[in-house]
Amino acid sequence: MRNRGKVMARSTAWRAGRNSSAEWLRNRGFTLLELMIVVVIIAILAAIAYPSYISYITKTKRSAAEGCLSEYANYMERYYTTNLTYAGAGAVGTWPTLDCASPSQTGNDYGYALGPAPGSSTNTYQLTATPQGSQSVRDTQCGTLTLNQAGARGAAGIVDTTGTNPAVVACWKG
């Protein structure tokens, strides 16, 4: 009987110890210091990720505008095939708003225009995509994109006829 009492006492003590530690773990929670460390880590990650995200969005919108300029260039070539001149393609009522330039695509971020190419004749044109709104603030590196009848691309006022200007190539990298 004596041994039985010792075993019961050990068993009860072990259960009591186990229950108290389990209860302690269950009621512990987080300290304010632990919570603040997590908040600081999240803030650091956000400070790194947000600028990268904005840069990615800016480049994506620029790439979409470049594609839209190419669509307008295709329109101009079809116009030339029909009329044997580029003159009149930008006349009121004839300059189309392509789907790529609609507000749901790139129309809120870029404005498109057709103008005469420098040293123009009826056989030249220059398309421009001018950033608007937040895109104009974010895309200061490239700014206005241009494309002419010869396929010469331009950015930020620089026209690259050879395709070797590093500033223009970086903007049209897509």
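The values are calculated or read from the model by the stated rules, or taken from the named source; none is laboratory data. No experiment lies behind these values; they were computed from the predicted model shown. FYI the Cβ positions are ideal-geometry reconstructions off the backbone, even for glycines, and counts take in every protein chain you see.
Annotations
- Number of positions in segment 46-74 that are more than 30 Å from Trp95 (Cα to Cα) and among the hydrophobic types (A, V, I, L, M, F, W, C): 5
- Where Ala129 falls short, out of the listed (1) farther than 29 Å from Pro51 by Cα; (2) touching a residue at least 60 places away in the same chain (Cβ under 8 Å); (3) in a strand (DSSP E or B); (4) not charged (D, E, K, R): (1)
- Where Gly88 falls short, out of the listed (1) loosely packed, with under 12 Cβ neighbours inside 10 Å; (2) within 25 Å of Cys142 (Cα to Cα); (3) modelled with pLDDT under 90; (4) not hydroxyl-bearing (Ser, Thr, Tyr): (2)
- Residue match in segment 54-66 (condition: in contact (Cβ under 8 Å) with a residue 24 or more places away in the chain, surrounded by 11 or more Cβ atoms within 10 Å (Cβ to Cβ) and assigned to a loop (DSSP other than H, G, I, E, B)): no
- Of all positions in segment 164-174, at least one carries a residue that is in contact (Cβ under 8 Å) with a residue 12 or more places away in the chain, under 26 Å from Pro51 (Cβ atoms), surrounded by 12 or more Cβ atoms within 10 Å (Cβ to Cβ) and of a type in the set (Phe, Trp, Tyr).
- For segment 142-163, filtered to residues that are exposed (fewer than 14 other Cβ atoms within 10 Å of the Cβ) and at pLDDT 85 or above, the residue that is farthest from Asn108 (Cα to Cα) is Ala150.
- Ala117 fulfils the conditions (1) modelled with pLDDT under 85; (2) on the phi < 0 side of the Ramachandran plot; (3) under 25 Å from the mean Cα position of the chain (by Cα) except for a single criterion, (3).
- Of the residues examined, Ile42 is one that is more than 14 Å from Asn123 (Cβ to Cβ), assigned to a helix (DSSP H, G or I), out of contact with any Ser or Thr (no Cβ under 9 Å at 6 or more places or on another chain) and free of Cβ contacts under 8 Å to residues at least 12 places away in the same chain.
- Just one of the listed residues (Thr12, Thr81, Thr31, Thr60) is at pLDDT 90 or above, polar (S, T, N, Q) and more than 27 Å from Gln135 (Cβ to Cβ), and it is Thr81.
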